[in-house]
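Worksheet: the structure to be examined is printed underneath.
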Amino acid sequence: MARGWQRVTLQVGGLPRELLWKAPSGPWAKGTILVMHGGGGQHFQWCVANAPVVAPQVRFSELALAEGYAVVLLNSSDRVTDNQGRVCGKVWDDEVRSRPNLDLPFIGAVVQELLPRLRPAHSRSEVFITGLSSGGYMSTRAATHWGTRVTAFAPVSSGDPYGWHRVCEAGTTARATVHGAGFDNETGKQITEREACRAAAYPNEQPWDDAGPGPKPAFRIFRHEEDGINDRSCGEKISQLLRERGYRGAPDFVLQGGPRSLANHLWLDAYSRPLLDFFAAELSARNK
(Lines give C-alpha, C1' and ligand atoms only; values in the text may rest on other atoms or scores of the structure.)
Protein backbone atom coordinates (compact mmCIF):
# COMPACT_ATOMS: atom_id res chain seq x y z
CA MET A 1 0.00 0.00 0.00
CA ALA A 2 2.86 2.36 0.82
CA ARG A 3 4.05 1.99 -2.78
CA GLY A 4 0.77 3.28 -4.15
CA TRP A 5 -1.02 -0.01 -4.85
CA GLN A 6 -4.70 -0.08 -3.99
CA ARG A 7 -6.65 -3.09 -2.79
CA VAL A 8 -10.12 -3.97 -4.07
CA THR A 9 -12.35 -6.85 -2.99
CA LEU A 10 -15.23 -7.83 -5.28
CA GLN A 11 -18.04 -10.18 -4.36
CA VAL A 12 -18.40 -12.54 -7.32
CA GLY A 13 -20.44 -15.73 -7.23
CA GLY A 14 -20.69 -15.58 -3.47
CA LEU A 15 -16.89 -15.41 -3.04
CA PRO A 16 -14.74 -12.42 -2.06
CA ARG A 17 -12.24 -11.90 -4.90
CA GLU A 18 -9.16 -9.79 -4.35
CA LEU A 19 -7.00 -7.66 -6.59
CA LEU A 20 -4.36 -4.95 -6.37
CA TRP A 21 -4.11 -2.13 -8.88
CA LYS A 22 -1.92 0.81 -9.66
CA ALA A 23 -1.91 3.31 -12.52
CA PRO A 24 0.08 6.26 -13.81
CA SER A 25 -1.03 9.67 -12.69
CA GLY A 26 -3.48 11.10 -15.18
CA PRO A 27 -4.96 9.21 -18.13
CA TRP A 28 -3.87 5.64 -18.74
CA ALA A 29 -1.94 6.21 -21.95
CA LYS A 30 -1.60 2.54 -22.91
CA GLY A 31 -4.64 0.87 -21.38
CA THR A 32 -4.63 -1.85 -18.73
CA ILE A 33 -2.70 -5.08 -18.19
CA LEU A 34 -4.36 -7.81 -16.14
CA VAL A 35 -1.76 -10.09 -14.53
CA MET A 36 -2.41 -13.61 -13.22
CA HIS A 37 0.12 -15.30 -10.97
CA GLY A 38 1.31 -18.89 -11.16
CA GLY A 39 -0.03 -21.84 -9.20
CA GLY A 40 0.59 -21.47 -5.49
CA GLY A 41 1.45 -17.80 -5.97
CA GLN A 42 -0.08 -14.58 -4.74
CA HIS A 43 -1.01 -11.37 -6.52
CA PHE A 44 1.21 -9.27 -4.26
CA GLN A 45 4.28 -11.11 -5.57
CA TRP A 46 4.05 -8.83 -8.61
CA CYS A 47 4.50 -5.67 -6.54
CA VAL A 48 6.60 -6.87 -3.57
CA ALA A 49 9.55 -9.24 -4.05
CA ASN A 50 9.18 -11.32 -0.90
CA ALA A 51 11.56 -13.88 -2.45
CA PRO A 52 14.34 -13.47 -5.05
CA VAL A 53 12.56 -15.68 -7.62
CA VAL A 54 9.67 -13.21 -7.91
CA ALA A 55 11.83 -10.10 -8.33
CA PRO A 56 11.52 -10.25 -12.17
CA GLN A 57 7.73 -10.16 -11.76
CA VAL A 58 7.95 -6.97 -9.71
CA ARG A 59 10.29 -5.42 -12.27
CA PHE A 60 7.75 -6.23 -14.98
CA SER A 61 4.96 -4.40 -13.13
CA GLU A 62 7.19 -1.40 -12.51
CA LEU A 63 8.25 -1.27 -16.15
CA ALA A 64 4.63 -1.47 -17.35
CA LEU A 65 3.59 1.36 -15.04
CA ALA A 66 6.50 3.51 -16.15
CA GLU A 67 5.40 3.08 -19.77
CA GLY A 68 1.82 4.23 -19.16
CA TYR A 69 -0.15 1.06 -18.47
CA ALA A 70 -2.44 0.58 -15.51
CA VAL A 71 -1.60 -2.78 -13.91
CA VAL A 72 -4.17 -4.98 -12.18
CA LEU A 73 -2.93 -7.96 -10.18
CA LEU A 74 -5.63 -10.60 -9.81
CA ASN A 75 -5.58 -13.17 -7.01
CA SER A 76 -6.80 -16.72 -7.56
CA SER A 77 -9.03 -18.45 -5.06
CA ASP A 78 -8.16 -21.67 -3.25
CA ARG A 79 -11.59 -23.17 -4.04
CA VAL A 80 -10.86 -24.89 -7.39
CA THR A 81 -11.71 -28.59 -7.47
CA ASP A 82 -10.94 -31.25 -10.07
CA ASN A 83 -13.47 -33.41 -11.89
CA GLN A 84 -13.68 -35.73 -8.87
CA GLY A 85 -14.31 -32.86 -6.45
CA ARG A 86 -10.84 -32.86 -4.88
CA VAL A 87 -9.41 -29.47 -3.89
CA CYS A 88 -6.60 -28.36 -6.20
CA GLY A 89 -5.15 -25.67 -3.96
CA LYS A 90 -4.29 -22.12 -4.99
CA VAL A 91 -4.63 -22.28 -8.76
CA TRP A 92 -6.78 -20.72 -11.46
CA ASP A 93 -9.95 -22.44 -12.67
CA ASP A 94 -8.64 -22.73 -16.21
CA GLU A 95 -10.07 -26.10 -17.23
CA VAL A 96 -13.43 -26.76 -18.87
CA ARG A 97 -15.50 -28.58 -16.27
CA SER A 98 -19.15 -29.48 -15.91
CA ARG A 99 -19.60 -27.07 -12.99
CA PRO A 100 -19.68 -23.25 -13.38
CA ASN A 101 -16.27 -21.65 -13.74
CA LEU A 102 -15.04 -19.73 -10.70
CA ASP A 103 -12.71 -17.25 -12.41
CA LEU A 104 -14.32 -16.18 -15.68
CA PRO A 105 -17.05 -14.21 -13.84
CA PHE A 106 -14.36 -12.56 -11.69
CA ILE A 107 -12.34 -11.48 -14.72
CA GLY A 108 -15.53 -10.36 -16.45
CA ALA A 109 -16.49 -8.20 -13.47
CA VAL A 110 -13.06 -6.55 -13.54
CA VAL A 111 -13.17 -5.86 -17.28
CA GLN A 112 -16.81 -4.85 -17.63
CA GLU A 113 -17.57 -3.16 -14.31
CA LEU A 114 -14.49 -2.22 -12.28
CA LEU A 115 -12.16 -0.83 -14.96
CA PRO A 116 -14.74 1.57 -16.43
CA ARG A 117 -15.20 3.00 -12.93
CA LEU A 118 -11.48 3.37 -12.26
CA ARG A 119 -10.29 4.80 -15.60
CA PRO A 120 -9.70 8.56 -15.65
CA ALA A 121 -11.14 10.53 -18.55
CA HIS A 122 -9.20 10.29 -21.82
CA SER A 123 -7.63 6.94 -20.89
CA ARG A 124 -7.10 4.16 -23.39
CA SER A 125 -9.69 1.44 -22.88
CA GLU A 126 -7.66 -1.48 -24.27
CA VAL A 127 -7.26 -4.50 -22.01
CA PHE A 128 -4.26 -6.83 -22.19
CA ILE A 129 -3.81 -10.08 -20.27
CA THR A 130 -0.72 -11.97 -19.22
CA GLY A 131 -0.08 -14.72 -16.72
CA LEU A 132 2.46 -17.28 -15.64
CA SER A 133 1.99 -21.05 -15.61
CA SER A 134 -1.53 -21.65 -14.20
CA GLY A 135 -2.09 -17.94 -14.80
CA GLY A 136 -0.96 -18.41 -18.40
CA TYR A 137 -3.48 -21.18 -18.95
CA MET A 138 -6.11 -18.87 -17.44
CA SER A 139 -4.96 -16.00 -19.67
CA THR A 140 -5.82 -18.03 -22.75
CA ARG A 141 -9.10 -19.21 -21.26
CA ALA A 142 -10.12 -15.64 -20.35
CA ALA A 143 -9.07 -14.11 -23.68
CA THR A 144 -10.89 -16.72 -25.74
CA HIS A 145 -13.96 -16.44 -23.51
CA TRP A 146 -14.24 -12.64 -23.43
CA GLY A 147 -13.15 -12.15 -27.05
CA THR A 148 -13.57 -8.57 -28.23
CA ARG A 149 -13.20 -7.17 -24.71
CA VAL A 150 -9.53 -8.24 -24.75
CA THR A 151 -7.06 -6.54 -27.09
CA ALA A 152 -4.19 -9.04 -26.83
CA PHE A 153 -2.86 -11.70 -24.49
CA ALA A 154 0.55 -13.16 -23.74
CA PRO A 155 0.63 -16.45 -21.80
CA VAL A 156 3.98 -17.37 -20.23
CA SER A 157 5.19 -20.92 -19.48
CA SER A 158 1.76 -22.43 -20.12
CA GLY A 159 -0.32 -24.45 -22.54
CA ASP A 160 -3.79 -25.46 -23.69
CA PRO A 161 -6.59 -24.92 -21.12
CA TYR A 162 -9.05 -26.81 -23.33
CA GLY A 163 -6.87 -29.90 -23.69
CA TRP A 164 -5.59 -30.78 -20.25
CA HIS A 165 -6.87 -31.76 -16.83
CA ARG A 166 -5.68 -31.82 -13.25
CA VAL A 167 -5.78 -34.76 -10.89
CA CYS A 168 -5.73 -32.98 -7.56
CA GLU A 169 -4.74 -35.79 -5.25
CA ALA A 170 -3.18 -34.41 -2.09
CA GLY A 171 0.27 -35.67 -1.15
CA THR A 172 1.38 -36.61 -4.66
CA THR A 173 3.92 -33.77 -4.70
CA ALA A 174 5.91 -31.91 -2.08
CA ARG A 175 3.95 -28.71 -2.70
CA ALA A 176 1.68 -27.66 0.15
CA THR A 177 -0.34 -25.01 -1.71
CA VAL A 178 -1.04 -26.89 -4.97
CA HIS A 179 -2.21 -30.49 -5.01
CA GLY A 180 -1.77 -33.15 -7.69
CA ALA A 181 -0.56 -32.82 -11.26
CA GLY A 182 -1.68 -31.79 -14.76
CA PHE A 183 -2.07 -34.17 -17.71
CA ASP A 184 -2.55 -33.70 -21.44
CA ASN A 185 -5.86 -35.07 -22.69
CA GLU A 186 -4.39 -36.66 -25.84
CA THR A 187 -1.24 -38.35 -24.59
CA GLY A 188 -2.21 -38.91 -20.97
CA LYS A 189 1.28 -37.72 -20.04
CA GLN A 190 2.00 -35.40 -17.18
CA ILE A 191 2.90 -31.98 -18.59
CA THR A 192 6.34 -32.20 -16.98
CA GLU A 193 7.25 -35.09 -19.33
CA ARG A 194 9.12 -34.71 -22.60
CA GLU A 195 6.75 -34.26 -25.55
CA ALA A 196 3.79 -34.45 -23.15
CA CYS A 197 1.49 -32.45 -25.45
CA ARG A 198 2.70 -33.71 -28.83
CA ALA A 199 0.04 -35.54 -30.86
CA ALA A 200 -0.90 -35.94 -34.51
CA ALA A 201 -4.39 -34.57 -33.80
CA TYR A 202 -6.36 -33.27 -30.83
CA PRO A 203 -9.83 -34.90 -30.81
CA ASN A 204 -10.04 -34.76 -27.01
CA GLU A 205 -10.17 -30.97 -26.80
CA GLN A 206 -12.99 -29.73 -24.61
CA PRO A 207 -15.33 -27.27 -26.39
CA TRP A 208 -13.66 -23.89 -26.79
CA ASP A 209 -15.39 -20.81 -25.49
CA ASP A 210 -16.84 -18.63 -28.24
CA ALA A 211 -17.38 -14.96 -27.49
CA GLY A 212 -19.35 -14.50 -30.70
CA PRO A 213 -18.63 -12.47 -33.83
CA GLY A 214 -16.03 -9.74 -33.89
CA PRO A 215 -12.26 -9.50 -34.04
CA LYS A 216 -10.38 -12.01 -31.94
CA PRO A 217 -7.61 -10.81 -29.62
CA ALA A 218 -4.03 -11.13 -30.83
CA PHE A 219 -1.62 -13.35 -28.92
CA ARG A 220 2.02 -14.17 -28.42
CA ILE A 221 3.28 -17.23 -26.55
CA PHE A 222 6.29 -16.78 -24.25
CA ARG A 223 8.19 -19.85 -23.10
CA HIS A 224 11.58 -21.45 -22.45
CA GLU A 225 12.71 -24.39 -24.56
CA GLU A 226 14.04 -26.12 -21.42
CA ASP A 227 11.04 -25.55 -19.16
CA GLY A 228 11.05 -28.50 -16.77
CA ILE A 229 7.52 -27.99 -15.41
CA ASN A 230 5.46 -27.24 -18.53
CA ASP A 231 7.05 -29.06 -21.46
CA ARG A 232 7.82 -27.04 -24.58
CA SER A 233 5.35 -29.17 -26.55
CA CYS A 234 2.51 -27.74 -24.44
CA GLY A 235 3.35 -24.19 -25.49
CA GLU A 236 3.69 -25.28 -29.11
CA LYS A 237 0.31 -26.99 -28.91
CA ILE A 238 -1.66 -23.95 -27.77
CA SER A 239 0.10 -21.73 -30.30
CA GLN A 240 -0.94 -24.10 -33.09
CA LEU A 241 -4.53 -24.44 -31.89
CA LEU A 242 -5.05 -20.70 -31.48
CA ARG A 243 -3.87 -20.10 -35.05
CA GLU A 244 -6.11 -22.88 -36.37
CA ARG A 245 -9.08 -21.16 -34.70
CA GLY A 246 -8.39 -17.81 -36.33
CA TYR A 247 -6.45 -16.01 -33.61
CA ARG A 248 -3.73 -13.77 -34.99
CA GLY A 249 -0.44 -14.70 -33.39
CA ALA A 250 2.96 -13.04 -33.35
CA PRO A 251 5.86 -15.53 -33.57
CA ASP A 252 6.37 -17.38 -30.30
CA PHE A 253 9.04 -15.85 -28.07
CA VAL A 254 11.31 -18.74 -27.07
CA LEU A 255 14.33 -18.60 -24.76
CA GLN A 256 17.10 -21.15 -25.21
CA GLY A 257 19.93 -22.60 -23.18
CA GLY A 258 20.69 -24.25 -19.87
CA PRO A 259 19.47 -27.55 -18.43
CA ARG A 260 15.81 -28.47 -18.28
CA SER A 261 14.68 -27.09 -14.93
CA LEU A 262 12.13 -25.43 -12.68
CA ALA A 263 14.10 -22.19 -13.00
CA ASN A 264 13.24 -22.05 -16.70
CA HIS A 265 9.55 -22.20 -15.85
CA LEU A 266 9.56 -18.95 -13.89
CA TRP A 267 8.91 -15.42 -15.13
CA LEU A 268 12.27 -14.19 -16.39
CA ASP A 269 13.45 -10.64 -17.02
CA ALA A 270 14.04 -11.56 -20.66
CA TYR A 271 10.27 -11.80 -21.20
CA SER A 272 9.29 -8.37 -19.94
CA ARG A 273 10.57 -6.03 -22.66
CA PRO A 274 9.41 -8.14 -25.65
CA LEU A 275 6.03 -8.73 -24.01
CA LEU A 276 5.40 -5.02 -23.48
CA ASP A 277 6.63 -4.32 -27.01
CA PHE A 278 4.05 -6.79 -28.31
CA PHE A 279 1.24 -5.04 -26.43
CA ALA A 280 2.49 -1.64 -27.61
CA ALA A 281 2.53 -2.84 -31.22
CA GLU A 282 -1.12 -3.85 -30.91
CA LEU A 283 -1.93 -0.38 -29.61
CA SER A 284 -0.10 1.21 -32.54
CA ALA A 285 -1.96 -0.98 -34.99
CA ARG A 286 -5.25 0.30 -33.58
CA ASN A 287 -4.17 3.89 -34.17
CA LYS A 288 -3.64 3.35 -37.90
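The values are calculated or read from the model by the stated rules, or taken from the named source; none is laboratory data. The structure presented is a predicted model; accordingly, all values stated were derived computationally and were not measured. Methodologically, a virtual Cβ is constructed for each residue, glycine included, from the backbone with ideal geometry; neighbour enumeration extends over all protein chains shown. These accessible areas exclude ligands, DNA and RNA; they are computed on the full protein's heavy atoms, side chains included. Shrake-Rupley method; radii C 1.70, N 1.55, O 1.52, S 1.80 Å.
If one computes the Cα centroid of segment 108-150 and of segment 47-61, what distance in Å separates the two points? Segment 108-150 and segment 47-61 have Cα centres separated by 22 Å. Taken one residue at a time, the phi angles of segment 237-246 give Karplus couplings (6.51, -1.76, 1.60, θ = phi - 60°) of 5, 5, 4, 4, 5, 4, 5, 5, 9, x Hz. Gly and Pro are set to x. In order along segment 186-195, the phi-based Karplus estimate (6.51 cos²θ - 1.76 cosθ + 1.60, θ = phi - 60°) of 3J(HN,Hα) comes to 7, 8, x, 7, 5, 5, 6, 7, 4, 6 Hz; Gly and Pro are listed as x. Think of it this way: in the chain, 47 stand alone, with no other Cys Cβ under 4.7 Å.
Specify whether the C-alpha gyration tensor of segment 41-86 places it in the rounded, prolate or oblate class, a ≥ b ≥ c being the square roots of the eigenvalues: rounded for a/c under 1.5, otherwise prolate if a/b is larger than b/c and oblate if not. Judged from the Cα gyration tensor, segment 41-86 comes out prolate (a/c at least 1.5, a/b above b/c).
Any idea which of 96, 120, 110 is furthest toward the positive side of the dipole for segment 87-157, if Lys and Arg beta-carbons carry +1 and Asp and Glu beta-carbons -1? It is 120.
Could you tell me whether segment 50-122 comes out rounded, prolate or oblate from its Cα gyration tensor? Rule is a ≥ b ≥ c as square roots of the eigenvalues, rounded for a/c under 1.5, then prolate if a/b exceeds b/c, otherwise oblate. It comes out oblate by the Cα gyration axes.
Simple point charges give the picture: +1 on the Cβ of Lys and Arg, -1 on the Cβ of Asp and Glu, and for the chain a dipole about the Cα centre of about 760 debye. On a per residue basis, the chain carries 41 Å² of accessible surface, using protein heavy atoms and a 1.4 Å probe.
Computed over the chain, the per-residue total of -39500 (n - 2.57) for DSSP H runs of n ≥ 4 gives a 222 nm mean residue ellipticity of -7000 deg cm²/dmol, rounded to 500. Computed over segment 64-180, relative contact order equals 26 percent, with contacts defined as Cα pairs under 8 Å that lie 6+ residues apart. Overall form of segment 191-288: oblate. Here a/c, set by the Cα gyration tensor axes a ≥ b ≥ c, is 1.5 or more, and a/b is not larger than b/c. About the centre of its Cα atoms, segment 166-232 shows a dipole size close to 160 debye [charges on the beta carbon of Lys, Arg (+1) and Asp, Glu (-1) only; nearest 20 debye].
Taking the protein heavy atoms of segment 40-145 in the context of the full set of protein chains, the accessible area attributed to carbon and sulfur is 54 percent at 1.4 Å.
Take every pair of alpha-carbon atoms less than 8 Å apart whose residues are at least six positions apart; their mean separation over the length of the chain yields a relative contact order of 17 percent. Amide H to amide H distances under 5 Å link residue 131 with 36, 154, 156, where only residues 5 or more positions off or on other chains count and H is placed in the peptide plane. Pairs of Lys residues in the chain, spaced 8 or more positions apart or belonging to different chains, with C-alpha separations under 29 angstrom: 11 in total. The relative contact order of segment 129-244 comes to 30 percent, based on Cα pairs under 8 Å that sit 6 or more residues apart. Amide hydrogen proximity for residue 93: with H placed 1.01 Å from N in the peptide plane, the residues at 5 or more positions away or on another chain lying under 5 Å are 103.
Remark: segment 62-79, residue by residue, has Karplus-estimated 3J(HN,Hα) of 5, 5, 4, 5, 5, 8, x, 8, 7, 10, 10, 9, 8, 10, 6, 8, 10, 9 Hz, where x stands for each Gly or Pro and the curve is 6.51 cos²θ - 1.76 cosθ + 1.60 at θ = phi - 60°. Given the alternatives (i) 42; (ii) 35; (iii) 38, percent of Cα pairs over 26 Å apart as computed for this entry is given by (iii).
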